[in-house]
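Every read-out reported here was derived from the displayed coordinates using simple, explicitly stated rules and does not represent laboratory data. Note that the structure is predicted; figures quoted are calculated from it, not measured.
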Amino acid sequence: MQLVVARIGRAHGIKGEVTVEVRTDEPELRLGPGAVLATEPAATGPLTIEAGRVHSGRLLLRFEGVRDRTAAEALRNTLLIAEVDPDELPEEEDEFYDHQLIDLDVVLADGTEIGRITEISHLPSQDLFIVERPDGSEVMIPFVEEIVTEIDLEEQRAVITPPPGLIDESEAVIASSRDGESDAGAAPGHEGEAPGNADEAAPEGPDETPKGDAR
């Protein structure tokens, strides 16, 4: 099983180093010295990692045979691909590889069908499920625990609790209208409680830390 573990960015310095966009939670395993990686486009590889280091929060890699900035820049936007045993599982229970998530059915808690996961988009802040709806349209669902409440690999499904408007934009409009009506009719205060400051009383928003990583 082949998995994309990084994308090569721009050259760094003059000795062949490159920045990389890491797409795995296990860079020390997938992107360590000696690792041999296939590439996309295939003609660029395979590439063998000679050395790596972290600089200003970014991983820098140097590959065997790449000795100057010109050669390093020629690798820009190349995808690095690792060979992974299909039966291998992540160390953490709430983490998943891409191939485990692709083709899962996406349903609501009541069983309503939303669609099927066709792609995982890896962003710096979180991962996104690209879900194909039954009508052929697509919807993006953040892979965060507040929304994706369950991944059931045995049943091949992902259970979600989406906020209004995520699946159906009209729901967001309706919810917004109701909020406006509620605000317009609200009294300045209620019996038994001080009016207070609205900002002080407002609860903090949910922490949308990614629930797991697709590697």
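Close amide H pairs (under 5 Å, H built 1.01 Å from N) link F63 with E50, residues at least 5 positions away or on another chain.
Using the reciprocal of the averaged 1/r over all distinct C-alpha pairs, how large is the Kirkwood radius of region 5-116 in Å?
Numbers: mean 1/r = 0.0640 Å⁻¹.
Taking the inverse mean of 1/r over all distinct Cα pairs, region 5-116 comes out at 15.6 Å.
The amide H of A35, built 1.01 Å from its N in the peptide plane, has I49 as neighbours under 5 Å, considering only residues 5 or more places off or on other chains.
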